[in-house]
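First comes the structure, then the notes that go with it.
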Amino acid sequence: MPELPEVETIRQGLEKYLVGHKITDVKVNAPKVFSGEPKVLIGGKIKGVRRFAKVLCIDLSNGYSIVVHIKLTGQFIYRGPNLKSPPDLSKKVVGGVPGKHTHVVFSLDRGGTLYYNDVRRFGWIKVVRTKEVGEEPFIKKLGPEPFGKLTFELFKGVLSKSGRPIKIALMDQEKIGGVGNIYANDALWLSKINPKVPANSLTLDKQKDLYDAVLKVLKEGIKYGGSSELAYVTPDGKEGQYQKHTLAYGWEGEPCERCHKAKFVKYFLGGRGTYVCPVCQK
Ligand SMILES: [Zn+2]
C-alpha cells in the first residue's frame with residue numbers, strides 16, 4: 001500500500017500540475033468511490049494540495065475540498081498544459097486513461113484533465129467543505145506524523161505505552177501517521193532492531209536510533225519518488241524508484257550488506273511481510 005513517501009510524491013506532483021487550474025466538469029463513472037456532490041466543485045480553482053499521512057486533500061477557491069484516500073490501487077493521472085511532454089504511461093496504469101478503471105474524470109480549464117483510476121476500487125474520494133476537513137473521521141484519528149508533529153518526545157511516548165511488537169506499533173496509523181510496511185522494515189533494519197521485540201522494551205538509545213531511522217528512510221523514499229509496488233504511479237504516470245533502493249524490504253535470501261554474516265529471512269508479522277537480518281536484528 002502506498003505510504004507517506006508515495007502519497008507525498010503524489011501530493012507534490014498534483015500541486016505542481018493542478019494549482020491554478022479551474023474545475024470545469026466532474027464525471028463520476030463509479031459512484032462507489034465518490035461521495036458528496038460533484039457539482040459543487042465546478043468553477044472552483046485549485047489553490048493547493050495537502051496531505052494528512054496517507055490522505056490527500058485538494059483545496060479549491062470556493063470553500064470546498066476533495067479528500068482522497070487512494071488505498072491499494074488508486075492512481076491520479078494528470079494530462080494537460082502544465083506537463084510539457086507527457087512521459088509514456090507506466091504499464092501499471094492498467095487500461096490507460098481514460099480506460100475501464102477510470103472511475104472519476106475531473107475536466108479542467110485550458111484543456112487539462114485529472115483522471116482517477118482504481119483497479120481494486122478500495123480508494124475513496126469525498127467532497128467536503130474546506131473548513132470541515134479536519135473533522136473528517138479518518139483525518140481526525142490520525143496520529144502525529146514524521147516531518148509533522150511527531151517529535152522524539154511524542155515518539156518515545158507512543159513506544160513506551162505499547163507492549164506490542166515494535167513493527168506493529170510503528171505502523172499503527174492512529175499512533176503514528178504514514179509509516180507502512182516497506183519503510184517500517186527498512187527503519188528497523190537500519191536501527192538494528194528485531195521487529196518482534198515489544199515496543200516498550202527499547203532502550204532510550206534504541207528509541208532514538210529508530211526515530212532517526214524512520215525519518216531517514218522516509219526521506220530516501222521521497223527522494224526516489226516513492227516505491228512502485230502494486231499500482232503506485234506519480235501524477236505524470238511514471239513509476240517511483242525506491243523499490244530499487246530498499247534496505248531490507250524484498251531482500252529475502254540475499255546477503256545482508258552490513259554484516260555480511262547472514263541472509264535476509266522473511267516471515268509474516270501481523271499479516272505483513274517482514275524482512276530481517278538474523279545477525280544484525282537479533
Ligand atoms: Zn546483517
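The values are calculated or read from the model by the stated rules, or taken from the named source; none is laboratory data. Keep in mind the model is a prediction, meaning the values are calculated, not measured. Reconstructed Cβ throughout: ideal geometry from the backbone, glycine too, with neighbour counts over all protein chains shown.
Mind checking which strands (runs of 3 or more DSSP E) fall wholly inside the range 1-120 and carry at least 1 residues that are farther than 24 Å from Ser227 by Cα?
Once the strands (runs of 3 or more DSSP E) in the range 1-120 are filtered for at least 1 residues that are farther than 24 Å from Ser227 by Cα, what remains is 23-28, 46-52, 55-60, 64-69, 102-108, 113-118.
Among (1) surrounded by fewer than 23 Cβ atoms within 10 Å (Cβ to Cβ); (2) within 16 Å of the ligand (Cβ to nearest atom), there is one condition Asp212 misses while meeting the rest; what is its number?
Condition (2) is where Asp212 drops out.
Inspect the range 248-263 for any residue being touching a residue at least 24 places away in the same chain (Cβ under 8 Å), within 16 Å of the ligand (Cβ to nearest atom) and closer than 16 Å to Val179 by Cα and give the result as yes or no.
The answer is yes; a qualifying residue exists.
Among the residues that make up the range 186-206, is at least one of them closer than 18 Å to Glu3 by Cβ, in contact with a Cys (Cβ under 7 Å, 6 or more places away or on another chain), touching a residue at least 40 places away in the same chain (Cβ under 8 Å) and surrounded by 21 or more Cβ atoms within 10 Å (Cβ to Cβ)?
yes
When the range 265-281 is examined, which residues are found to be in contact with a Gly (Cβ under 8 Å, 6 or more places away or on another chain) and crowded, with 23+ Cβ neighbours inside 10 Å?
Answer for the range 265-281, where residues must be in contact with a Gly (Cβ under 8 Å, 6 or more places away or on another chain) and crowded, with 23+ Cβ neighbours inside 10 Å: just Tyr275.
Sort out which residues of the range 63-81 are modelled with pLDDT of 95 or more and surrounded by fewer than 18 Cβ atoms within 10 Å (Cβ to Cβ), and write them in order of number.
Matches in the range 63-81: Gly63, Gly80, Pro81.
Which residue out of Ser65, Ser85, Ser107 is free of Cβ contacts under 8 Å to residues at least 40 places away in the same chain and of a type in the set (Ser, Thr, Tyr)?
Values: Ser65 fails: free of Cβ contacts under 8 Å to residues at least 40 places away in the same chain; Ser107 fails: free of Cβ contacts under 8 Å to residues at least 40 places away in the same chain.
Answer to the check: Ser85.
With the structure loaded, tell me whether Gly226 is more than 16 Å from the ligand (Cβ to nearest atom) and on the phi > 0 side of the Ramachandran plot or whether it fails that test.
Against the criterion (more than 16 Å from the ligand (Cβ to nearest atom) and on the phi > 0 side of the Ramachandran plot), Gly226 qualifies.
Inside the range 167-207, can you point out the residues that are within 16 Å of the ligand (Cβ to nearest atom), of a type in the set (S, T, N, Q) and not in a helix (DSSP H, G or I)?
Within the range 167-207, Ser191, Asn194 meet the criteria.
Any idea which of (1) closer than 24 Å to Lys92 by Cα; (2) small (Gly, Ala, Ser); (3) part of a helix (DSSP H, G or I) is the one Ala213 doesn't satisfy?
Condition (1) is where Ala213 drops out.
Quick check, is Lys126 at pLDDT 95 or above, out of contact with any Cys (no Cβ under 7 Å at 6 or more places or on another chain), not small (Gly, Ala, Ser) and not in a helix (DSSP H, G or I)?
yes
Out of Val158, Val119, Val128, Val94, report the one residue that is in contact with a strand residue (DSSP E or B) (Cβ under 7 Å, 6 or more places away or on another chain) and more than 23 Å from Thr246 (Cβ to Cβ).
Only one candidate passes the filter, namely Val128.
In the range 238-280, what residues are under 30 Å from Tyr78 (Cβ atoms) and either among the basic types (Lys, Arg) or in a loop (DSSP other than H, G, I, E, B) (or both)? Quick ask: steps written out before the conclusion?
Start the filter on the range 238-280 by keeping residues that are under 30 Å from Tyr78 (Cβ atoms), which leaves 238-246, 249-250.
Lys238, Glu239, Gly240, Gln241, Lys244, His245, Thr246, Tyr249, Gly250 - these are the residues of the range 238-280 that are under 30 Å from Tyr78 (Cβ atoms) and either among the basic types (Lys, Arg) or in a loop (DSSP other than H, G, I, E, B) (or both).
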